[in-house]
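Chemist: There's a structure below that I have some questions on.
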Amino acid sequence: MTQSKKVLSSILVATTVFAAVAPQMAPIGASAVTANITTTAEITELRALNKMTLQIKFDGTLPAADVLDSNLDAIKAHFKFSNGLQIVNVPRLKSGSTNTYIVPVTIQNPGTTYTLSYKDGAEQTFTGSNEKLPIRDTNQVTNDTFELESFQADGVVDYANIIAAYAGGRGDQAFTVNDANENAAGQAFQVISSLRDRSVTITGDNGDVYTANYVPFTQASDRRQAPKFRLPAGETLTPGVHYTVSSNWAELTNNSFTARQMAPLTIDSAAFVDATSFKLTLATDPGMDLLAGRSVVLKGADGSELTASYRFSSRAGATGTFDVTSGGTLNPDIAYKIVPQNNWAANTDVTLGQQAAYKIESLNKMTLQIIFPEALSAEEVADSNLEAIKKNFVFSDGLSIVNVPRLKSGSKSTYIVPVTVQQPGKTYTLSYKGAPVETFVGSDAKINMRDLAQVTNDTFELESFQADGVVDYANIIAAYAGGRGDQAFIIDNNNQDANGKSFQVISSLRDRSVTLTGSNGDRFQANYVPFTQASDRRQAPKFRLPAGEKLIPGVTYTVTSDWANMATSTFIAKEMAPLVIAKATFVDATSFELALDKDPGMDLLAGRQVELKGNDGTTLTAQYRYSSRQGTTGIFDLVSGTLDKDAVYTILPLNGWATATNVTLGQAATTPEVTDPDKEVIVAPEKDATNKPTLPSLAESNDASAQAKPVVNAATNKKDLPKTGDTMPILPVTAGLGAVLVAIYMLIKRKFTKLED
């Protein structure tokens, strides 16, 4: 072997070793830099900010489980202090930091030396702080509650304004402080950490002494740093008595007030939310969260009794949400008297679930308009709850609802309710959730449809127009208003718009059908294709023949309906070219996207299915995801099973709605190739059973079977290959490791060949 070849072999061996090792190392480093999350955290810095607050810096970001509110008890066990100290709430990452946390602890003894071991790691030592938080004002807010207010102008900030967890909800109150707790202007702040489980002592000049406990979630509410503290249950402040507040964690500038008699809050109304919660509305907005920590007793007309507590931070103006405690549930058919506990609000005659009559009007043969006493709960209009909702509506004479009630835009409690087709002039009764029955008369009005058109070989559409005084309910209901753009508008309880124009309302066409009769004697029931009644900015619902049936070209078909009047009731069928599927692309393990060769201009994918035949012998069925079409593309979801990303599936449309010539989902793996510029041949790295490229042999061998056989590429011309002296040939970015190594081999070989020449 020549000296140059020996050098060449040594270089290639080193290159191979480097190439084999480097890819294993790079992702680890990249991952660490990107995530910066440590599961075995070590404390790198610890400071006592004040008597109840530590600032701890770790060597990385703590994982979510180690700062999760619901995981507090487990998190407490991570922090092992000496001298009985412990945390009182979860650590909170400071805004703008990746590893510095505010940690609230029980009150420290000034000058005491404490140790801390986090997750049994190395012990850290710190000295207990004697720093108390400067609090400026003390104010009575109810007959049993007062507040302590601090101000950022005095260099005091509530941690809610400087931690990452709350930053998104604090608006312009959120800002960043550095490790020294200075803002961008250099102002230093004392940090009020979580006041959970904190208390103060209040002493009256009449000799009364109370421990007043912090009211949760009030320390930084209503854009103020004014946490509320409440006397023990049943105790109240005595008017005229002078009270002084003292604390082992706060230094109070104005530490006293003279109690006065304050009027209790007044509850104005109550409304169901769901089976376990309801809303209470006060007569006036208190301007601060005075509902926090409050409870009510609900006394049912049937003798039952439930207790409900305020849902912290749920207040919006005068209204707050209360949740039933102890696993109880509300019966919407029962009226409950609201009784505030501990007299925080006045006892009034407000009840939850007052039974008032509802008003029913039949708008047309398939649509009711019902005005309820109050808005229905989310549960009573949820699409996913349709079967249960159907049971809420008990009609006479076999009538039933076909889809959920929809609140009209601009209304508080007026709903469009789609029902099975009514008999004109018949008197029906309805009892909603067991309430007393109401009566209405079946309508004889049919929906006015202007146009009829064939759209595929098995589908046609019926089109109506607002110019004719017909509106699809999608344009006038609150649930869809946000997505309808300029098509959404409001009609009143008389179904008139702002200009006084009256409209017929097309309610949900779910489970609707029409009859199609051919001049050749054929007769079909054509069913509505879901989610097509108000798509593509048109009121043109599609109807489809039974599976496998087709319209016969040249035959005249007539459409009849028990719910629609057809201005144009016939069409002559013609042969229509099926849609053309041009491409299939993976979305995830159970769905993929199909692209048509051109935009059909309407949702002709609705209700369609395809079969996928895999090269591994599997067969799957997928159905179009309703309303997913964007121009030429739509998403299909597997009916069952999962897709194998390594398999290739042939797309076969079912029932001839489309053609898919040579369209496959997934592609067979290809082997990277590289051209040897000196030999004008294609070198393909060998593959093992896993189709992964292997490194070319670096040692000389006389065994011909151990060497790759070059394949001559007649289409490749030497002058077309990129050559720039001794630089590496340009390679596609998708070339595999084997291809890169072969290229390096050719470059070095050319170099040493020149040396030998």
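The values are calculated or read from the model by the stated rules, or taken from the named source; none is laboratory data. Only a predicted model underlies this, so the values are computations on that prediction, with no experimental measurement involved. Every residue, glycine among them, receives a Cβ derived from its backbone with ideal geometry; neighbour counts consider all protein chains shown. Ligands, DNA and RNA are stripped out before the accessible areas are found, and what is left, the full protein with its side chains, is counted by its heavy atoms. Shrake-Rupley method; radii C 1.70, N 1.55, O 1.52, S 1.80 Å.
Chemist: How much of the accessible area of segment 174-231, probe 1.4 Å, is carbon plus sulfur, in whole percent?
Modeler: Values: 1190 of 2500 Å².
Percent of accessible area from carbon and sulfur atoms in segment 174-231: 48.
Chemist: To continue, here is another question. Rank-order 196-207, 93-104 by packing density, defined as the average count of other C-beta atoms within 10 Å over each peptide's residues, highest first. Before the final figure, lay out each step's value.
Modeler: Numbers: 196-207: 15.6, 93-104: 19.1.
Most protected by this proxy first, the peptides run 93-104, 196-207.
Chemist: If you split all Cα-Cα distances of segment 526-584 into 5 Å bins from zero, what percentages do you get per bin, shortest first?
Modeler: 4, 13, 16, 25, 25, 12, 3, 2, 0
Chemist: Then there is this: Within a Cβ distance under 15 Å of PRO553, other residues only, what is the Lys/Arg minus Asp/Glu net charge? Could the numbers behind the result be given before it?
Modeler: Numbers: positive: LYS550, LYS574; negative: ASP458, ASP522, GLU549, GLU575.
Here the charged neighbours net out to -2.
Chemist: Taking a cut-off of 15 Å between Cα atoms, list the aspartates and glutamates near LYS228, but don't count ones fewer than 8 places away on the same chain.
Modeler: Hits, sequence-local ones excluded: ASP137, ASP144, GLU147, GLU149, ASP158, ASP197, ASP289.
Chemist: Quick check: with the 1.4 Å probe, what order do ILE401, ILE552 take by accessible area, largest first? The partial results should precede the final answer.
Modeler: Numbers: ILE401 5, ILE552 75 Å².
The ranking, largest first, comes out as ILE552, ILE401.
Chemist: What number comes out for the charge environment of GLY656, summing +1 per Lys or Arg and -1 per Asp or Glu over other residues with Cβ under 10 Å away?
Modeler: 0
Chemist: Keeping all protein chains in place, calculate the accessible area per residue for segment 483-613 (probe 1.4 angstrom), answer in Å².
Modeler: Numbers: 6200 Å² over 131 residues.
Each residue of segment 483-613 exposes 47 Å² on average to a 1.4 Å probe.
Chemist: Additional query: Give, to the nearest whole percent, the P(r) tail of segment 540-654 beyond 24 angstrom, counting all Cα pairs.
Modeler: Values: 2506 of 6555 pairs.
The calculated P(r) of segment 540-654 puts 38 percent of pairs beyond 24 Å.
Chemist: Filter the cross-link list LYS299/LYS390; LYS446/LYS550; LYS446/LYS574; LYS57/LYS80 down to pairs whose alpha-carbon distance in this structure exceeds 20 Å. Don't jump to the answer; show the numbers that get you there.
Modeler: Values: LYS299/LYS390 29 Å; LYS446/LYS550 28 Å; LYS446/LYS574 29 Å; LYS57/LYS80 16 Å.
Those over the limit are LYS299/LYS390; LYS446/LYS550; LYS446/LYS574.
Chemist: Near LYS598, which aspartates and glutamates are there with a Cα under 17 Å away, not counting those fewer than 8 places off in the same chain?
Modeler: Partners within reach: ASP536.
Chemist: Rounded to two decimals, what is Rg over Rh for segment 69-109 when you use alpha-carbon atoms and the Kirkwood radius? All intermediate terms of the calculation are to be shown ahead of the outcome.
Modeler: Numbers: Rg = 11.2 Å, Rh = 11.2 Å.
Expressed as Rg/Rh, it is 1.00.
Chemist: Let me ask something else. By the scheme Lys and Arg +1, Asp and Glu -1, what is the net charge of all other residues having a beta-carbon under 10 Å from that of PRO104?
Modeler: Numbers: positive: ARG92, ARG196, ARG198; negative: ASP197.
Combined, the nearby Lys, Arg, Asp and Glu give +2.
Chemist: Additional query: Quick one: accessible area per residue over segment 213-259, 1.4 Å probe, rounded to a whole number of Å²?
Modeler: Roughly 44 Å² per residue, with all protein chains present.
Chemist: Give the whole-number value, in cubic angstrom per residue, of the convex hull volume spanned by the C-alpha atoms of segment 35-164. Before the final figure, lay out the partial values.
Modeler: On the way: hull volume 17.3 nm³, N = 130.
Normalising the Cα hull of segment 35-164 by residue number yields 133 Å³.
Chemist: Hey, which aspartates and glutamates would be in cross-link range of LYS365, C-alpha to C-alpha under 17 Å, not counting anything within fewer than 8 residues on its own chain?
Modeler: By straight Cα distance, LYS365 reaches ASP397, ASP444, ASP472, ASP511, ASP562.
Chemist: Measure off, as a whole percent, the carbon and sulfur share of the 1.4 Å-probe accessible area of segment 380-483, all protein chains present.
Modeler: Details: 2000 of 4050 Å².
Roughly 49 percent, rounded to a whole number.
Chemist: By the gyration tensor of its Cα atoms, with a ≥ b ≥ c the square roots of the eigenvalues, what is the shape of segment 262-301: rounded for a/c under 1.5, prolate for a/b over b/c, or oblate? Intermediate values should be presented prior to the final figure.
Modeler: Values: a/c = 1.88, a/b = 1.73, b/c = 1.09.
Cα axes put segment 262-301 in the prolate bin.
Chemist: Determine, for each peptide in 530-538, 567-575, the mean count of other beta carbons within 10 angstrom over its residues, then list the peptides with the highest first.
Modeler: On the way: 530-538: 18.1, 567-575: 13.6.
My ranking of the peptides, most packed first, is 530-538, 567-575.
Chemist: Above 25 angstrom, tally the Cα pairs of segment 427-555 and express them as a % of all pairs, no decimals. If you can, show how the numbers build up before the last one.
Modeler: Working: 3330 of 8256 pairs.
Roughly 40 percent, rounded to a whole number.
Chemist: Give the accessible area for LEU620 in Å² (nearest 10); use a 1.4 Å probe, count only protein heavy atoms, and leave out ligands, DNA and RNA.
Modeler: 30 Å²
Chemist: Next question, about the same structure. Quick check: with the 1.4 Å probe, what order do SER628, SER507, SER502 take by accessible area, largest first?
Modeler: Working: SER628 20, SER507 0, SER502 65 Å².
Largest to smallest exposure gives the sequence SER502, SER628, SER507.
Chemist: At a temperature of 25 °C and a viscosity of 0.890 mPa s, determine how fast segment 231-321 diffuses translationally according to Stokes-Einstein, using the Kirkwood radius over alpha-carbon pairs as Rh; express D in µm²/s, rounded to the nearest whole number.
Modeler: 154 µm²/s
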